[in-house]
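The values are calculated or read from the model by the stated rules, or taken from the named source; none is laboratory data. Predicted model only: the values in this text are computed from it and were never measured. Cβ atoms come from the backbone with ideal geometry, glycine included; neighbour counts cover every protein chain shown. In case anyone asks, the SASA skips ligands and DNA or RNA and just uses the protein heavy atoms, side chains included. Shrake-Rupley method; radii C 1.70, N 1.55, O 1.52, S 1.80 Å.
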Amino acid sequence: MNVSAGGRPARASGHRVRVATLLCAAAAMTAAVLPASALPVSTLPASARTAGTSSALTPDPMDPVVVVDCSSQAQMRPAEYLLACGDGNNRLVGLRWNTWGPTAATATGTDMVNDCRPYCAAGRFRSYPVTVTLSDPQAWPEHPDVRRFTTIRLLYTDTAPDPVPKDVTYKLVY
């Protein structure tokens, strides 16, 4: 037991206890929310992570194509995918992948969008059923021997969030 100069048991400073508690809570929350399908590059097949420069050869169709998330993690068939990396106000959830191939992947799920009314911090998340298509695989600049989807298409099967059209395509920049 630690004893202070006055003979009483020493206590950890309140600040240190709070910091330790916050760090433990953050670690637990991070572990809880990371999708099980998040793959570090080291878990990809060797042919998809070979060291060296990119090859001019056509990629092997048996090599997996990944989608890269906001944290620059490679994922295959993620159950969730954050679209709004900066503020978290748009997330695809409940993704059920029908296909995942060398040129495209398709899923159905829900787009959860913050209506930001009257402003984003006070807004409410609304759900929109959606069909998701990933396409246009390209070499991943950070890992040139890994291909990643660079285009995402959202087709809203009911209504779309205002002012988004029912069929919209975005470039994935990560």
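So the values come out like this:
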read-out: Flag for A56 being at pLDDT 95 or above, in a loop (DSSP other than H, G, I, E, B) and not basic (K, R); value: no
read-out: In segment 164-174, the residues that are open to solvent by less than 90 Å² (accessible area, probe 1.4 Å), among the hydroxyl-bearing types (S, T, Y) and assigned to a strand (DSSP E or B); value: T169
read-out: Count - residues of segment 112-131 that are in contact with a Ser or Thr (Cβ under 7 Å, 6 or more places away or on another chain) and either outside any strand (DSSP E or B) or not aromatic (F, W, Y) (or both); value: 5
read-out: Qualifying residues in segment 67-76 (those that are open to solvent by 40 Å² or more (accessible area, probe 1.4 Å) and under 19 Å from Q138 (Cβ atoms)) - the one farthest from the chain's Cα centre (by Cα); value: M76
read-out: Segment 93-112 residues that are open to solvent by 40 Å² or more (accessible area, probe 1.4 Å), paired with ones that are modelled with pLDDT under 95 (beta carbon under 6 Å, 6 or more apart); value: P102/P61
read-out: Qualifying residue in segment 153-167 (condition: basic (K, R), within 25 Å of P64 (Cα to Cα) and in contact (Cβ under 8 Å) with a residue 12 or more places away in the chain); value: yes
read-out: Residues of segment 78-92 satisfying the condition of being assigned to a strand (DSSP E or B), of a type outside the set (K, R) and under 20 Å from D167 (Cβ atoms); value: Y81, N90, L92
read-out: Residues of segment 132-163 satisfying the condition of being part of a loop (DSSP other than H, G, I, E, B) and open to solvent by less than 40 Å² (accessible area, probe 1.4 Å); value: A160, P161
